[in-house]
Each structure stands twice: as structure tokens, then as C-alpha cells.
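Engineer: This is the structure I want to talk about, given as C-alpha cells.
The values are calculated or read from the model by the stated rules, or taken from the named source; none is laboratory data. In this text the structure is predicted, and so the values were computed from the model without any measurement. A quick note on method: Cβ atoms are made from the backbone with ideal geometry, for glycine too, and the neighbour counts reach across all protein chains shown. Areas reflect the complete protein model, heavy atoms only, side chains present, ligands, DNA and RNA absent. Shrake-Rupley method; radii C 1.70, N 1.55, O 1.52, S 1.80 Å.
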Amino acid sequence: MTEAARAAASSPSGLSGQSAVDDLVALLDLERIEENIFRGVSPAESPVRVFGGQVAGQALVAAGRTVPVERRVHSLHSYFIRPGDPRVPIVYEVDRIRDGRSFTTRRVVAVQHGKAIFSLSASFQQEEQGVEHSSEMPDVPDPESLPTWTESAKSYPLVNLKFPRPIDVRYVTEPPWESREDGPGQAASRVWMKADGKLPDDPMLQLCVMTYASDMTLLDGVLARHGVYWGLDKVLGASLDHAMWFHRSFRADEWLLYDTTSPSASGNRGLATGRFFTRDGQLVATVVQEGLIRVIKSSPDGV
């Protein structure tokens, strides 16, 4: 691993701010082991399994390092296969599927303990001009007028506050840990988010940080629809797959509105869709994810 990544993995950092952002950048700076093989690590302070946004972001870094810089990723499709172990490094194996005149395709498999835990296919395109249109951004309050994630969650001791949060998240809609008190609600969530500090001027890194952040609140709409939340109710969940389309340029250290909804839940799976808008109303990315959502209901006698 790189020296910066080794430092980020070996000692806890600040919970937020520039130090947390610097550690995220270090974790995305994979070590090249071979021409198409890379190695990444997890933060010193981690949940019991690797955060899905982390492995997706690192896999995209691995794919991007085998592609000419003038070709930018326009879509990715991925599957979470097994829970990742944050105590050991993750090896990313890149398969150079195709290098065409305009498009480049890569497939990445993340491996731990000799088994695949995640797979990603990504397509890169040389910049072109053509027809263009975009959905309109919803009318929402400015992020500065909204409480931070920590301020919103501090009255809820079971909501996890101890892990580093390099992404500044501010809820436009009521946070799901609050809305659950009123029972089932709308299957939707809106947040402003950005890196909680300055990022290097690297377009690929901006995309990878957005990929990391896109997994943070995407299933909120599923939970809000059923009036439950992680840690406060008996809910088991995990990301199953994750797809993204990148439409326009952006900076991940500037405010982005993440507008998410859940059109369906069935078979212990919830589907969520999301749209990222810049502050001036440009639609820059679209996200779709299906997640495992198991709500364990108590029996009538409370057992």
C-alpha cells in the first residue's frame, strides 16, 4: 500500500473535516502490485464489514488507472458478492475488456481471502459533443441553512457517530431516524452532500469520491417508507448491486443535491434511485441500487 494509505489504515483520523477527507483520498490511492493488479485498505476505524461505497470507489480507481486520462467514465455497473473484511487488504484485478476508438471497457474483481467480494464493469468515453437535455432540480433550501449530520443525529445514541465521516451530509427531508417516530412515510430522501474539505484537482478522483458518497443515503427512502432505521429497529441490510451514470463534470468538494426515491420493495429487497444535481441545477449523475432489507418483526407477546 502507499505510505499515505498505510497511515490512514493504521491510526484513527479526525471524524470530519480536512483530515478525514485527506484520509479518504489516501484510501483511494491504491498500490499498483502488477500491471493490472492493485491493492487497497480500509480505515483504522471501520464497521464490521467494508463500507460498500469504499470498495466501489476503490474498484473504480483501479479501472481508471488502466485507461487513458482523456477518456472519462460514463457508467458503472457493480455487484456486492460477499461482505468485505476491513482487517485485511483488498486486491483489485482489472480485466482490459476492450479499447475501442471512442469507448474503453474494464471489468474489476475485488478479492479477499481468495474469493471475490465485489465486481464492477465500467465504460469510459472520449469526450464528444451532441444533443443535450436535463431534468430540473427540485426547489430546496440552501445547504448552509440546514443542520449537519452530526447535529441531526446527536440526540439518537444508537445512530453511529464514532466513525470518520469525510462527506458532509445535510438532510433536506427529515432524517429517517426522526421520521420513523411518526411511522411509515414517503419513500423519498433529499440531502445536500460534499467532501468535508478540499480535494485535489483530479477529475477521476472527483468521480471516485462521488461513487463512495452515493452509497451513504441511497436506501433511506426504502427505510422511511416503512418507518424503520438501522440500529434503532431490527433491520438487516446490505447493498446488492449499484449502477451509476455520469452525465456532466462536477466537483465532489462542492455542494451536490442527492435526490433519492424508492419505487418498489419486495422479496426483502428494496430498489432505490438517485439523482445528483450541482448547486446551479445541472444534473450530473444518476444512481440505481437494490439493497437487501430484512425487517425482523416482534411477535405479539414482544418476543
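Engineer: For Lys198 and Ser155, what does the FRET efficiency come to when R0 = 25 Å and r is the distance between their Cβ atoms, rounded to the nearest 0.05?
Structural biologist: Details: r = 31 Å, r/R0 = 1.22.
Given R0 = 25 Å and the Cβ-Cβ separation, E is 0.25.
Engineer: Given +1 on the Cβ of Lys and Arg, -1 on the Cβ of Asp and Glu, and no further charges, what dipole in debye does segment 113-181 carry about its Cα centre, rounded to the nearest 20?
Structural biologist: Numbers: 6 positive and 12 negative charges, 157 e Å.
Charge dipole, segment 113-181, about its Cα centre: 760 debye, nearest 20.
Engineer: I'd like to know which of Trp245, Ala62, Ser16 lies farthest towards the positive end of the charge dipole of the chain, counting +1 on Cβ of Lys and Arg and -1 on Cβ of Asp and Glu.
Structural biologist: Ala62
Engineer: Please find, in a Gaussian network model of the chain (springs between Cα atoms separated by less than 10 Å), the residue of Asp85, Asp29, Asp139 whose mean-square fluctuation is greatest.
Structural biologist: Of Asp85, Asp29, Asp139, the most mobile in the Gaussian network model is Asp139.
Engineer: Roughly how many nanometres apart are two label points built 7 Å out from the Cα toward the Cβ at Leu15 and Arg279?
Structural biologist: About 2.6 nm separates the two model spin labels.
Engineer: Across bins of 10 angstrom width beginning at 0, how are the C-alpha pair distances of segment 211-303 distributed, in whole percent?
Structural biologist: 16, 43, 26, 12, 3, 1
Engineer: Can you tell me what the convex hull of the Cα atoms of the chain projects to on average, as an area in nm²?
Structural biologist: Working: hull surface 66.6 nm².
If I average the Cα hull's projected area over directions, I get 16.6 nm².
Engineer: So, R0 is 25 Å and r is the distance between the beta-carbons of Ala188 and Ser135; what FRET efficiency does that work out to, to 0.05?
Structural biologist: Working: r = 15 Å, r/R0 = 0.60.
My answer for the efficiency is 0.95.
Engineer: Additional query: What translational diffusion coefficient, in µm²/s and rounded to a whole number, does the Stokes-Einstein relation yield for segment 31-132 at 4 °C and a viscosity of 1.567 mPa s, taking the hydrodynamic radius as the Kirkwood radius over Cα pairs?
Structural biologist: Working: Rh = 14.2 Å.
Diffusion coefficient, whole number: 91 µm²/s.
Engineer: Let me ask something additional. Give, rounded to the nearest 20 debye, the magnitude of the charge dipole that segment 93-224 has about its Cα centre when Lys and Arg contribute +1 at Cβ and Asp and Glu contribute -1 at Cβ.
Structural biologist: Taking the Cα centre of segment 93-224 as origin, the dipole is about 720 debye.
Engineer: Can you send over the carbon and sulfur percentage of the accessible area for the chain, probe radius 1.4 Å, protein chains only? Mind showing how you got there, number by number?
Structural biologist: Working: 7350 of 14710 Å².
The value for the chain is 50 percent carbon and sulfur by accessible area.
Engineer: Still on this structure, I have one more. Given a Förster distance of 51 Å, report the FRET efficiency between Ile296 and Arg248 from their Cβ-Cβ distance, rounded to the nearest 0.05. Present the calculation step by step, with values, prior to reporting the outcome.
Structural biologist: Working: r = 42 Å, r/R0 = 0.82.
The pair Ile296/Arg248 has a calculated efficiency of 0.75.
Engineer: Also, quick follow-up: Using Cα centres only, tell me the gap between segment 185-263 and segment 66-141 in whole Å.
Structural biologist: With segment 185-263 and segment 66-141 each reduced to a Cα centre, they are spaced 16 Å.
Engineer: If contacts are Cα pairs under 8 angstrom and at least 6 residues apart, what is the relative contact order of the chain in percent?
Structural biologist: Numbers: 675 pairs, mean separation 52.0, N = 303.
Taking the mean separation of contacting Cα pairs over the length of the chain, I get 17 percent.
Engineer: Among Ser134, Ser42, Ser78, which one shows the highest mean-square fluctuation when the chain is modelled as a Gaussian network with alpha-carbon springs under 10 Å?
Structural biologist: Maximum among the listed residues: Ser134.
Engineer: Continuing with this model, one more query. Let's see if you can work this out: charge +1 on each Lys and Arg Cβ, -1 on each Asp and Glu Cβ, no other charges. What is the dipole magnitude of the chain about its Cα centre, in debye to the nearest 20? It would help to have the intermediate numbers written out before the result.
Structural biologist: Working: 32 positive and 39 negative charges, 200 e Å.
Its charge dipole is roughly 960 debye.
Engineer: Something else now. Looking only at GluC sites (Glu not before Pro) in DSSP loops with at most 11 other Cβ atoms within 10 Å, what is the longest site-free stretch of the chain?
Structural biologist: Details: sites that count: Glu35, Glu70, Glu127, Glu128, Glu132, Glu136.
In short, 137-303.
Engineer: Leaving out ligands and nucleic acids, and using a 1.4 Å probe, what accessible area per residue does the chain come to in Å²? Before the final figure, lay out the partial values.
Structural biologist: Numbers: 14710 Å² over 303 residues.
Ligands and nucleic acids excluded, the figure is 49 Å² per residue.
Engineer: With point charges of +1 on the Cβ of Lys and Arg and -1 on the Cβ of Asp and Glu, referenced to the Cα centre of segment 171-303, which listed residue (Pro263, Leu223, Cys208) lies farthest in the positive direction of the dipole?
Structural biologist: It is Pro263, whose Cα lies furthest towards the positive end.
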